[in-house]
Amino acid sequence: MRYFLSMALLAALASAVSANDPRTLGVQNVGGAGGGAITAEIWADNWFALHVNGTLVAQDSVPYETERSFNAERITFNADLPMKVAVELRDYMENETGLEYIGTRRQQMGDGGAILQFLGEDGVLGVSSAAWRCHVAQSAPVDASCEGARDPEIGLGACAAEVDMPATDWIAPGFDDSGWQAATEYSERAVRPKDGYDAISWDSAARIIWSGDLERDNIVLCRATIG
């Protein structure tokens, strides 16, 4: 009996370690034939979709609908430099009220956050920072009092949402993002990153970013030129 318990414990520990390791996703070409090998390392709370030069390169391997889907990803691909990166970031929300754990004592607004870095053969090509341009595509609830509502109703009163999703060409390299806001940088203390974050050696210039509101803004689109 003692033998089987110890084996189960070892299996659980091994599973916990592997769950925190960055997942390595597939390789594809998103540039010209001369594009070099690039590695993107991303941690997001809770989900991301990464586009490079207008092409969807990868999305978070844990579905957006999964609560507490904190994990790191490592993506390898080939692209010409400089490259235009467009990333969709989503915090988990149970429905359009923007809340999570609805109907329980834990009912609350969630909080997001993401950090990215891009590596080439000669080192770091670029990292997430306030130099990135971001746009809030969905924000909810419109008033924090919704957090304490006994029966939060989608789209009504304090629990309504503000939606401003741009046309699909926002991922295109030539899209004009000059009207977007600078990304807001956050400390580790503010975001409390976990599950995979510490498995990556982040460059000292890499910053956790989001919009200006970690809690209410649930879908954030960000763009940057890398390399």
Given Ser187, Phe175, Leu156, which one lies farthest toward the positive end of the charge dipole of segment 134-199, if we put +1 on the Cβ of every Lys and Arg and -1 on the Cβ of every Asp and Glu? Ser187
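How much of the accessible area of segment 154-224, in percent, comes from carbon and sulfur atoms when a 1.4 Å probe is used?
Details: 1770 of 3750 Å².
Carbon plus sulfur share of accessible area: 47 percent.
May I ask for the percentage of alpha-carbon pairs in segment 125-165 that lie more than 15 Å from each other? Intermediate results must be reported in sequence, preceding the final value.
Working: 434 of 820 pairs.
Above the 15 Å cut-off, segment 125-165 has 53 percent of its Cα pairs.
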Length gained, Ser178-Ser201, 0.36 nm per residue minus C-alpha separation, equals 5.1 nm
In whole Å, what are the Cα extents of segment 84-145 along the three principal axes, biggest one first? 51, 21, 16
Compute, for segment 42-135, the length of the dipole vector about the Cα centre, with Cβ point charges of +1 (Lys, Arg) and -1 (Asp, Glu) only. Units Debye, rounded to 20. 140 debye
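The values are calculated or read from the model by the stated rules, or taken from the named source; none is laboratory data. Given the structure is predicted, the values throughout are model-derived calculations rather than measurements. Because the Cβ atoms are built from the backbone with ideal geometry, glycine has one as well, and the counts that use them run over all protein chains shown. The accessibility values were calculated without ligands, DNA or RNA, using every heavy atom of the protein model including side chains. Shrake-Rupley method; radii C 1.70, N 1.55, O 1.52, S 1.80 Å.
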